[in-house]
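Data first, discussion second: the structure below is written as structure tokens.
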2 protein chains.
Amino acid sequence: MTLTTAHTTGTDAGSAPRAVPVDPSSGVLRPLGLDDVTITGGLWARRQHVNGTATLDHVESWLEREGWIRNFDLATSGGLPSGRRGREFADSEVYKYLEALAWEIRRTGDSPWLEERFRSIVDRVAAAQEPDGYLNTRFGRPGQGDRWSDLEWGHELYCLGHLFQAAVARHRTQATADDGLVAVAVRAADLVCDVFGPDGLQRVCGHAEVEVGLAELGRALGNDRYVKQARLFVERHGHQSLADVEWSRGYFQDDVTVVETDALHGHAVRANYLASGAVDVATETGDADLLRSLSDQWRRTIDRRTYVTGGQGSHHQDEAFGQDWELPPDRAYSETCAGIGSVMFSWRLLLAQGGSEYADQIERTLFNVVETSPSDDGRSFYYANTLHQRTPGAEADPETISPRAHSSLRAPWFEVSCCPPNTARTFASLAAYVATSTDHGLQIHQYADASIRTVLGDGQRVAVDVATSWPDDGDVIVTVLEDSADDWTLSLRRPAWATDARVSVHRADGQAARAETVVSAGELRVSRTFRAGDRVVASFGTSPRLTKPDPRVDAVRGCVAVERGPVVHALESTDLRGTALEGATFADLRIDVAEPLVDLAGGVAATLQDRVTGDRAVVALVPYHRWASRGPSEMRVWIPVL
Amino acid sequence: MTLTTAHTTGTDAGSAPRAVPVDPSSGVLRPLGLDDVTITGGLWARRQHVNGTATLDHVESWLEREGWIRNFDLATSGGLPSGRRGREFADSEVYKYLEALAWEIRRTGDSPWLEERFRSIVDRVAAAQEPDGYLNTRFGRPGQGDRWSDLEWGHELYCLGHLFQAAVARHRTQATADDGLVAVAVRAADLVCDVFGPDGLQRVCGHAEVEVGLAELGRALGNDRYVKQARLFVERHGHQSLADVEWSRGYFQDDVTVVETDALHGHAVRANYLASGAVDVATETGDADLLRSLSDQWRRTIDRRTYVTGGQGSHHQDEAFGQDWELPPDRAYSETCAGIGSVMFSWRLLLAQGGSEYADQIERTLFNVVETSPSDDGRSFYYANTLHQRTPGAEADPETISPRAHSSLRAPWFEVSCCPPNTARTFASLAAYVATSTDHGLQIHQYADASIRTVLGDGQRVAVDVATSWPDDGDVIVTVLEDSADDWTLSLRRPAWATDARVSVHRADGQAARAETVVSAGELRVSRTFRAGDRVVASFGTSPRLTKPDPRVDAVRGCVAVERGPVVHALESTDLRGTALEGATFADLRIDVAEPLVDLAGGVAATLQDRVTGDRAVVALVPYHRWASRGPSEMRVWIPVL
């Protein structure tokens, strides 16, 4: 495994920062950001629109309503202790919301209203920062715990990690006068380095996040001290600096060092955030052993500890990964934030090493976990994403805060409300996960109507538009908009699920163009001195398919899942209405795998049978990410054959 | 459903109390206690011996070591707040230990040493009682919460319920001068009635237990006020007098009234304790609707929410029942105390209504949950009883207190240590669950070498000895020791699992005796004017059998379990040693159901195949209740066929 390819950029290194959440100084692939890529249509454009016009507003109104922003005002005015609202990590939700706003301001280009909201909250946060840089509304005042006195559960460093990510997003996207957020982050980061540096407190935070935050802040500002501090934190994990807890130190990845870990374990969000920070550290420090270990961990985690949806975390009790093959659909926790963490981890490995398996997993997780969380209107969310709902839940009250883990219906807000702002920042920055570049090539990893304008490493300008109805069909047309002076290579990910993959290249006049075309397991590569009007037409087979589980996954033995392209489908009791199985007992249904699946617009139909009565019907399945959109229902992804 | 048959007793009503944990004033069957029944040999006698000679000592030493008895001393001397040790319910473990000691003192007949320990602890408890009867080391003092201020989680009434059960056990077994425990209980119970009576605080305790405690204290002392208070508590459940919690009010059965409940739900121990108390209340108040509802709940709970072992509770997170058919073996919580609670509930319904299904379930639960918990030496325990262990655990440290729910190996003690003293009181009083009587009959429900000496309702003396190798084989010989003046009926439970059941009656000279014999679905009945030396010989088929799961239980689809008699068997990786499958990956093993099971001494063997390599071997399975006795192992009860 090589850790070469220090990035030079087509635009001068040292020029304006790129609008990306992750910007490694080396790696096989170079990220393209919101300056380079715009999603222009299709499912993801709709989601980005809803996110920008509904979800952000929704999140801010709940942050205000619950008093989590006001906590900063109280801290500033000398109030707080028993007046503080929310859980110990409430500050972090405000920071994630700031990060989402920063991306959205850049994505929409010109939004004085969003800009004003952003600055107003930054002012309130900044006012609460103490002179030495400390910033947390829950610790350090009379009547509160001492600073850093509860690293197991206090989440102080976790909150700062999110502050740093927000500041990085703002630093890389800000078009207007400085609002001071980066300075707030720098003061806090300097304090963290002072307190937890090589000669400081030799401990870590119970919830990883400061690692990615510091690494990226260091990259963004060119401050190596922050990267080194991130490395210290990564390396300190596994040395039992945290107290033991009921679920053991594995819960916060303090049982085994990162490099000696076999597979992600413990709390699934913590594990993914830590692994992401560790990739950042490995990349910046050239630690090939650590990077190799992390990609091995990723492989084993995806193979053995990840749901067909991409979801991670089998346990409700400790929100944790189960053991290998422990993947119960009905008790799937599959927290939305763990899905986002998995995208973060996969994306970093993709940048470092290349490999379609990483982009495949990102696609699977985006379509079947991250997109599953929010409702169509972007104002209610799943925290946990079960793969099997035995009884329809009650209708949710849009005015009521919910416990975190009930999965029967999406809820407007949670006592632990990490997921809504986490989806918001992810959707606002989604264009940054679409494509990458190399010295002589452009790689498209995620398919959506998009426009891509960038400069390759060799200085060549590239402008293409992507047109597709993904995921409804598997045709992708990439139109080149500018002549190029020299050959360059367009790489299109070939998903592992695609039964079939074809590519052709046409000139503006519709004639076949001369191009070097390579079809390999994971990609279609087309090399040519492209001309304006050239079109690369790729087609990936998206016939509906039955997926058998690994026989070692006990919980779904004797079942199949129905997939179509990247979209996992689900059987909902709602869809029994009007069929011969209306009124059937959901638990008595099986699928007849001898009958062919039927490809429908927006879904797939399968032949089901009542095990007891023998009644049969062809029933439509819905994309899993839209289940329960029509009200409470029984639902299952894995459908019994027996 | 009738609620008739007020009990008269052969010994005069009002004479010495019977040594039973449950003594209803009416019902179809009358319990026989430790005065009537002695277990003389076999598995249960061994367990009672280990319980008496090792477990009791072990429990007391940990109660002292952890300071849970000393809490009472501190309360007496005016110490406590931050000096108090243990969880909020630590007092209850001391009471359960006292209950166990009371039964054991009676069981062993004469044990000055146990008697001295009992009295010494009673003195320490009694000294801590406040003048108005209040008794709890966690509430009511400066620096502590107010009395009854945290009914959701404080466990004050729960602790008192266990105090009452201990006092009842003592009252019904005490052969020596009064030690004062009953008086302590009466003072506390009077206070509870004053505070929570018809015009008092209209609330319940978050953990049911005071209901059974009060009902039985009322029965034991003939004090109707306590029974009425138990009824008030039962009837108050389901009226949302407790605050909502993350897992909803169903967690403590405060969402739906008891009579309107469909199936046990929420925390599995709470649910069983409440249901048990509700049967007591229904029985004492003649509430036929309530009793009918409870037996319907029992049926649905056993059919749909109970593991093949008899274990209950599918969720680790809230220690709760899952929904119908939600029975994952690998995440089975199946708490030992929930098994004990299930025995309590089944036993009360058996006394109230008769019915072999209740005794069948008690047998299943005793052999496969309650007996599973303690190690052979009685000094370590399972708190949760998983049905599937994917990775061998680490060797347990006999000196280390454990979190409650790890199932890889039995542990000496837990932070939440309800289970060890709960098994201790159950085993010490086990003889009370063996047999019952009616006016003209004796019913044997559980099979063990035993001597039974009692007087039937009609005044006829009955003396029989039971000889059996149960559960190793299904032969039971009941020898009558005294001539009777008139006909009476011996009923032997016919287990639902018995493929075959035969009975014959012989005179002392070996010749067939004239008797009226009825073989029905649930019992063998023999009526005769018995003579000394008569022998009733019953034989129940115990051939090993493959059990298919209900097809609605998703988590074990495509699997079978191996049972023999009442004993569920388990495949342990330990038993692959020396076979052609030594070194096979446990997750790759399947069972070949076309090959016959082999009946072994102490176990059953089955033909297994490695799904990947095709290797095959005949492998011994062990009784589930002894799994992990030979060190850490992988284990599964449900074995894949696919």
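Burial here means at least 50 square angstrom less accessible surface with every protein chain in place than with the chain by itself, probed at 1.4 Å; in region B:232-278 the buried residues are B:Glu246. List, shortest first and in nm to one decimal, how far the label point of A:Asp199 (7 Å from Cα along Cα→Cβ) is from its counterparts in the other copies. Reported distances to equivalent positions: 7.4 nm. Across region B:462-477, coupling constants 3J(HN,Hα) worked out from phi with the 6.51/-1.76/1.60 Karplus curve, θ = phi - 60°, read 10, 9, 9, 10, 10, 10, 6, 10, 3, x, 5, 9, x, 8, 9, 10 Hz, and Gly and Pro carry x. Couplings for region A:36-41, taken from phi via the Karplus curve 6.51 cos²θ - 1.76 cosθ + 1.60 with θ = phi - 60°, read 9, 10, 10, 7, 10, x Hz in order; Gly and Pro are left as x. The lysines whose alpha-carbon is closer than 21 Å to the alpha-carbon of B:Lys228, local same-chain residues fewer than 8 away aside, do not include any residue.
Would you list, by chain and number, the lysines whose Cα falls below 27 Å from the Cα of A:Lys548, excluding same-chain residues fewer than 8 positions away? In chain and number order, the partners are B:Lys548. For region A:534-601, carbon and sulfur atoms together expose 50% of the accessible surface, with a 1.4 angstrom probe and every protein chain in place. For region B:130-289, carbon and sulfur atoms together expose 49% of the accessible surface, with a 1.4 angstrom probe and every protein chain in place. As a fraction of the 1.4 Å probe accessible area of region A:290-385, surface on carbon and sulfur atoms comes out at 37 percent. Over the residues of the protein assembly as shown, the helix contribution to mean residue ellipticity at 222 nm works out to -9500 deg cm²/dmol, using -39500 (n - 2.57) for each DSSP H run of at least 4. The heavy atoms of A:Trp488 offer some 10 square angstrom of accessible surface to a 1.4 angstrom probe. For the segment A:318-331, counting C-beta atoms of other chains within 10 Å of every residue's C-beta and taking the mean gives 4. The spacing between region A:120-157 and region B:173-224, judged by their C-alpha centroids, is 50 Å. Treating only the Cβ of Lys, Arg, Asp and Glu as charged (+1, +1, -1, -1), what charge dipole size does chain B show about its Cα centre? Round to the nearest 20 debye. Using Cβ point charges on Lys, Arg, Asp and Glu, chain B gives about 580 debye. Rounded to the nearest 20, the Cβ-based charge dipole of region A:261-345 about its Cα centre (Lys and Arg +1, Asp and Glu -1) stands at 160 debye.
Take A:Val593, push a point 7 Å out from Cα through the beta-carbon direction, and compare it with the same point in every other copy: 1.6 nm, smallest first. Shielding by partners for peptide A:543-556, expressed as the average number of C-beta atoms from other protein chains within 10 Å of each residue's C-beta, is 3.
Of the complete DSSP H runs in chain B, those spanning 20 angstrom or more by Cα along the long axis with a mean Kyte-Doolittle score not below 1.0 are B:181-196, B:336-353. Bridge orientation summary for chain B: considering DSSP beta bridges with both residues in this region, about 90 percent are antiparallel. Proximity of backbone amide H atoms, modeled 1.01 Å from N, is registered between B:Val462 and B:Thr454, B:Val455, B:Leu456 at under 5 Å, excluding neighbours fewer than 5 places apart on the same chain.
In terms of the mean number of neighbouring beta-carbon atoms within 10 Å, the peptides B:51-61, A:204-214, B:189-199 order highest first as A:204-214, B:51-61, B:189-199. Each residue of region A:491-501 was assigned a 3J(HN,Hα) from its phi angle through the Karplus curve 6.51 cos²θ - 1.76 cosθ + 1.60 (θ = phi - 60°); the sequence is 10, 10, 4, 9, x, 5, 6, 6, 6, 8, 8 Hz, with glycine and proline shown as x. In terms of the mean number of neighbouring beta-carbon atoms within 10 Å, the peptides A:351-358, B:509-516, B:96-103 order highest first as B:96-103, A:351-358, B:509-516. Take A:Arg65, push a point 7 Å out from Cα through the beta-carbon direction, and compare it with the same point in every other copy: 5.2 nm, smallest first. Surface exposure of chain A, expressed per residue as accessible area with a 1.4 Å probe, stands at 33 Å². What total accessible area, in Å², is buried where chains B and A meet, using a 1.4 Å probe and rounding to the nearest 100? Its buried surface, counting both partners, is about 2900 Å².
Across B:Arg65, B:Arg203, A:Arg525, the residue with the most accessible area heads the list, and the full order at a 1.4 Å probe is B:Arg65, A:Arg525, B:Arg203. For region B:27-96, a simple Cβ point-charge model (Lys and Arg +1, Asp and Glu -1, everything else neutral) yields a dipole of about 180 debye relative to the Cα centre. Heavy-atom accessible area, probed at 1.4 angstrom with all protein chains present, ranks A:Arg331, B:Arg300 as B:Arg300, A:Arg331, highest first. When the Cα positions of A:Gly41, A:Tyr226, A:Gly541 are compared along the charge dipole of the protein assembly as shown, A:Gly541 comes out farthest toward the positive end, with charges on each C-beta of Lys, Arg, Asp and Glu.
The values are calculated or read from the model by the stated rules, or taken from the named source; none is laboratory data. Since we're looking at a predicted model, the values are computed, not measured. Heads up, the Cβs are rebuilt from the backbone with ideal geometry, glycines too, and the neighbour counts pull from every protein chain shown. Just so you know, the surface numbers come from the protein's heavy atoms only, side chains and all, with ligands and any DNA or RNA stripped out. Shrake-Rupley method; radii C 1.70, N 1.55, O 1.52, S 1.80 Å.
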